[in-house]
Amino acid sequence: MAGWLRTYPVYFPGREPRGYQESLEAKRPKPLIPGGVRTTGWWVEAGKTVFREIDVPAARTYDPEIIAAVRSMEAMQKAGVKPEADGTIAGLRWVPTPRGLALSVHECGGCHTRVLPDGSRIDGAPFQGSGNAVLGRLVTRAIETLFGDDPAVWRWRSSAVPWIPNDPHEKIRTMQPADLRALFRRVVPGAFARFNGSPFYPAKTPDLIGIRDRRYIDHTATHRLRNQGDLMRYAALVSCCDSADFGPHRMFSDSQRRIHYRFPDEVLMALATYIDSLEPPPNPNLGDPRIAAGRRVFEREGCRGCHTPPFYTNNKLTLAEGFRPPKDHPLAADIMDLTVGTDPGLALRTRKGTGLYKIPSLRGVWYRGRFHHDGSIASLEEWFDPARLRHDYVPELLRNSGITSRPVKGHEFGLNLDAAEKAALIAFLKSL
Ligand code: HEC
Ligand code: HEC
């Protein structure tokens, strides 16, 4: 497998800086990790480059047809590809390699970076788009090459939970491409059915800023987060090295479980150091005159019991509706004996199913903009709208998807405030 190399943005045709293509052709392959003395500052800087640039080496392509297509405005428009506000195409990277210029897929930074409407980038904030046709093609090819699976079988292998009676994922294995696409249209932009996740019960991409203050990883607390080592192991698992063994259930064949590549420790350490160092962007909402009143509503409504300052989470876990943990549960000290009643599917019917939902931090809700563990809620206004409980409710983000009923149940805190109090509460939350 080719080495870990510097990579460069892919611009939508016509949006690149002057002379960009020529400068790219002239670039030599460069190692992703630079030389130098390993000071703390060095790790943060190296990690920033890794986070912003690391690609999926298995997805690299030299195919002249695909490369010509991403450079053709006509082909990109025809494929429905849209540029980000800074002119780049999300999820793609150019990689100068010893074999020539490759097109590749962005790793961590592809999902964990948000481009604001003014073109500025926030490292660690969640991407809110939904990928594009070129990206889909590169990923499909990589899966075929590494695992020999067609898309439906791969999706089944990624999500199946054969130990659950009537596993809803079983039918994915034989789905026709059109049905598979329809299934994935139910996942809102900004959420993602990752390996081990599920298109029926997706999880939104979380904010990585402030992660050093959290005690658990993933919405369902699949992993503890005690130190950088935990973050490094998680990064290795999600990028290459999950054996997908669940007791007697083995989701890979012997040849598929071979590890094809793995991030070197230095890359993982740099990544974890940088992610730990991320700070939120300057908050433009601090001058809102309603903040003080909103803070009082927050106190009075008991939000702080769970969303406790200064992190606006008490770092505890709640029960998914229907789950009773055994008395000797290893995380018992952190489990609150209550449920907020949100959809239990992710926590009970997927491989991420711990039976638990962690209490999310409320810091950064002003730039994150996707709420509820599946990301189906677009704004705080929608989150605090009691209409979302109704049987015939369809979240704003899913109104063109053909879905006619998708209520977002549970977490009824703050739903019945009067308009002025609700606006004040939201102004307060946007100041965090
Ligand atoms: C294809 C999109 C995608 C890519 C690429 C990706 N992630 Fe994620 N990441 C997600 C999603 C979705 C979740 C939420 C999973 C869940 O809650 O079950 C997540 C969760 C996380 C979390 C847990 C955060 C928390 O507060 O719970 C960390 C840490 C993380 N990712 C780091 C990384 C790193 C490091 C990489 C690169 C090796 C990476 N991710 C690549 C989509 C992605
Ligand atoms: C009993 C604990 C508890 C209380 C009390 C509580 N919350 Fe939550 N809150 C949660 C949990 C758990 C979630 C995650 C639910 C999910 O996604 O399934 C959550 C999610 C949220 C979210 C969405 C965050 C995101 O990133 O998706 C917001 C906003 C929020 N709460 C605000 C509040 C406010 C404001 C109050 C008071 C009016 C409040 N909460 C009271 C436990 C609580």
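The values are calculated or read from the model by the stated rules, or taken from the named source; none is laboratory data. Quick caveat: nothing in here was measured; it's all calculated off a predicted structure. In this analysis, Cβ positions are derived from the backbone assuming ideal geometry, glycine residues included, and neighbour counts consider all displayed protein chains.
Residue check: Ile143 meets all listed conditions (1) closer than 21 Å to Ala85 by Cα; (2) out of contact with any Cys (no Cβ under 7 Å at 6 or more places or on another chain); (3) of a type outside the set (Lys, Arg) but one, namely (1). Of all the criteria given as (1) in a loop (DSSP other than H, G, I, E, B); (2) in contact (Cβ under 8 Å) with a residue 24 or more places away in the chain; (3) more than 25 Å from Glu396 (Cβ to Cβ), the one not satisfied by Asn166 is (2).
Do you know which residues across the stretch 158-197 are in contact with a Pro (Cβ under 8 Å, 6 or more places away or on another chain) and either within 16 Å of ligand 2 (Cβ to nearest atom) or among the small types (Gly, Ala, Ser) (or both)? If you could, list the steps in order and put the result at the bottom.
Initially, the stretch 158-197 is screened for residues in contact with a Pro (Cβ under 8 Å, 6 or more places away or on another chain), giving 159, 170, 172, 177, 180, 183-184, 186-188, 190-193.
Ser159, Val187, Val188, Gly190, Ala191, Phe192, Ala193 - these are the residues of the stretch 158-197 that are in contact with a Pro (Cβ under 8 Å, 6 or more places away or on another chain) and either within 16 Å of ligand 2 (Cβ to nearest atom) or among the small types (Gly, Ala, Ser) (or both).
Just give me the residues in the stretch 366-388 being away from ligand 1 (no atom under 16 Å from the Cβ), within 21 Å of Ile122 (Cα to Cα) and in a loop (DSSP other than H, G, I, E, B), in sequence order. Walk me through it before giving the result.
Of the residues in the stretch 366-388, the ones away from ligand 1 (no atom under 16 Å from the Cβ) are 366, 378-388.
Pick out the ones that are also within 21 Å of Ile122 (Cα to Cα) and you get 366, 378-380.
If the condition is that a residue be away from ligand 1 (no atom under 16 Å from the Cβ), within 21 Å of Ile122 (Cα to Cα) and in a loop (DSSP other than H, G, I, E, B), then Ala378, Ser379 are the ones that fit.
If you scan the stretch 89-131, which residues turn out to be of a type outside the set (Gly, Ala, Ser), part of a loop (DSSP other than H, G, I, E, B) and surrounded by fewer than 19 Cβ atoms within 10 Å (Cβ to Cβ)? Working first, answer last.
Here is the first cut: in the stretch 89-131, the residues of a type outside the set (Gly, Ala, Ser) are 89, 92-99, 101, 103, 105-108, 111-118, 121-123, 126-128.
Next cut, part of a loop (DSSP other than H, G, I, E, B) only: 98-99, 107, 112, 116-118, 126-128.
Within the stretch 89-131, Pro98, Arg99, Leu116, Pro117, Asp118 qualify.
Of the numbered criteria (1) under 26 Å from Asp242 (Cβ atoms); (2) within 11 Å of ligand 2 (Cβ to nearest atom); (3) among the polar types (S, T, N, Q), the one Thr350 fails is (2). Return the residues of the stretch 389-428 that are surrounded by 15 or more Cβ atoms within 10 Å (Cβ to Cβ), within 23 Å of the chain's Cα centre (by Cα) and either outside any helix (DSSP H, G or I) or among the basic types (Lys, Arg) (or both); say none if nothing qualifies. If the condition is that a residue be surrounded by 15 or more Cβ atoms within 10 Å (Cβ to Cβ), within 23 Å of the chain's Cα centre (by Cα) and either outside any helix (DSSP H, G or I) or among the basic types (Lys, Arg) (or both), then Val394, Pro395, Ser401, Arg406, Pro407, Val408, Lys409, Gly410, His411 are the ones that fit.
The set of residues from the stretch 34-74 being in a loop (DSSP other than H, G, I, E, B), surrounded by fewer than 16 Cβ atoms within 10 Å (Cβ to Cβ) and not charged (D, E, K, R) comprises Pro34, Gly35, Gly36, Val37, Thr39, Tyr62, Ser72.
From the list Ala90, Ala58, the one residue that fits, being closer than 28 Å to Pro117 by Cα and at pLDDT below 95, is Ala90.
Please tell me if Gly129 is within 13 Å of ligand 1 (Cβ to nearest atom), more than 30 Å from Pro310 (Cβ to Cβ) and modelled with pLDDT under 95.
yes
Scan the stretch 198-209 for residues that are more than 12 Å from ligand 2 (Cβ to nearest atom) and either within 20 Å of Ile275 (Cα to Cα) or of a type in the set (S, T, N, Q) (or both) and the total you get is 3. Out of everything in the stretch 132-154 that is out of contact with any Lys or Arg (no Cβ under 8 Å at 6 or more places or on another chain) and among the acidic types (Asp, Glu), what residue ends up being farthest from ligand 1 (Cβ to nearest atom)? Checked the stretch 132-154; the qualifying residue farthest from ligand 1 (Cβ to nearest atom) is Asp150.
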